[in-house]
Amino acid sequence: MDALLANEPVIRLAAFAGVLALMAGLEAMLPRRARSFGRLRRWPGNLGIVFVDTLVLRLVFPTAAVGVALAAEGHGVGLLPWLGLPAPLALLLAILLLDLAIYLQHVLFHAVPALWRLHRMHHADLDFDVTTGLRFHPAEIILSMVIKFAVVVALGAPAVAVLIFEVLLNATSMFNHANLRLPQALDRALRPILVTPDMHRVHHSVGPQETNSNFGFNLALWDRLFGTYRAQPAAGHAAMTIGIEQFRDASELRLDRMLTQPLRDDISAYPLGRREPAP
């Protein structure tokens, strides 16, 4: 366990690069949908936002979630230390509860208009592939990190559990956003456990009812438990429209447009059919 924590940056970078390369290769061989735009048109912005997000996190937070978990462990704070569970059980429960927190956070970012303004950049991608799973506004990343810090401290989550969870979350986000045609039998077998690309693609439909379904990033349990599961898009995976109706111009794929999107008051695009109040 100590070796995992000592090599955290290497583990995270290796997992990120490995899963990104694997999913990109599988997408090329087994695409689920025809692309509306080539990778050279979309990937500079989507990968550029990863660089911006990483830089912003390094500047804003002197320590990552694992560092916060280590500090909490050192003081013995949080629910799990209070329960006195065996270490393996505490680790598994921490991963499970962190995943639940991410699910609830995702629902919140759709339900609250101010938060949706940040999150909608993720949905405004005009195609759906592995890089869509990396496309998040820096302001959303900062807020998400603050929420994660609070959950980690409240749980007293073991640092190793936080590291494992973050690596899994990053990997599964790239997997379930992949433009990948899984065999139907494999998709059916995985869906009770993991969020598959066909399951999460429904969430990126322009249709509000479909956008407000399948919020899970990792475990498929939460959507079924809380009644937000939707098996298939009404138009079918090949014909469904990806994105947000108000952001259809190809210029929205540029990094500068992605960064300024939450500031544009001339456009309201709320998944619950609501509009911001007039000033």
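Residue-level check: of (1) surrounded by 13 or more Cβ atoms within 10 Å (Cβ to Cβ); (2) basic (Lys, Arg); (3) within 27 Å of GLY25 (Cβ to Cβ), ARG230 misses just (3). Selection within segment 192-230: residues that are touching a residue at least 60 places away in the same chain (Cβ under 8 Å) and acidic (Asp, Glu). The member of this set that is farthest from HIS106 (Cα to Cα) is ASP198. Listed here are the helices (runs of 4 or more DSSP H) enclosed by segment 21-87 that have at least 3 residues being in contact (Cβ under 8 Å) with a residue 12 or more places away in the chain and buried (at least 17 other Cβ atoms within 10 Å of the Cβ): 39-60, 65-75. Do we have any residue at all in segment 182-197 that's under 16 Å from the mean Cα position of the chain (by Cα), within 30 Å of LEU70 (Cβ to Cβ) and modelled with pLDDT under 95? Within segment 182-197, none of the residues are under 16 Å from the mean Cα position of the chain (by Cα), within 30 Å of LEU70 (Cβ to Cβ) and modelled with pLDDT under 95. For ALA159, are the conditions met, namely being among the hydrophobic types (A, V, I, L, M, F, W, C) and surrounded by 22 or more Cβ atoms within 10 Å (Cβ to Cβ)? So ALA159 passes the test. Sort through GLY76, GLY67, GLY156 and tell me the only one that's out of contact with any strand residue (DSSP E or B) (no Cβ under 6 Å at 6 or more places or on another chain), on the phi > 0 side of the Ramachandran plot and modelled with pLDDT under 95. Within the list GLY76, GLY67, GLY156, the selection yields GLY76. Every listed requirement among (1) surrounded by fewer than 20 Cβ atoms within 10 Å (Cβ to Cβ); (2) within 12 Å of the chain's Cα centre (by Cα); (3) under 23 Å from ALA220 (Cβ atoms) is met by ILE147 save one, (2).
Out of THR260, THR241, one residue alone is within 22 Å of PHE175 (Cα to Cα) and of a type in the set (Ser, Thr, Tyr). It is THR241.
Are any of the residues in segment 122-135 part of a helix (DSSP H, G or I), without any contact (Cβ under 8 Å) to a residue 40 or more places away in the chain and of a type in the set (Ser, Thr, Tyr)? Within segment 122-135, not a single residue is part of a helix (DSSP H, G or I), without any contact (Cβ under 8 Å) to a residue 40 or more places away in the chain and of a type in the set (Ser, Thr, Tyr). Only one of the numbered conditions (1) in a helix (DSSP H, G or I); (2) hydrophobic (A, V, I, L, M, F, W, C); (3) modelled with pLDDT under 95 is violated by LEU108, and that is (3).
The values are calculated or read from the model by the stated rules, or taken from the named source; none is laboratory data. Small disclaimer: the values here were computed from a predicted structure and weren't measured. Here Cβ is always computed from backbone atoms with ideal geometry, including for glycine, and neighbour counts include all displayed protein chains.
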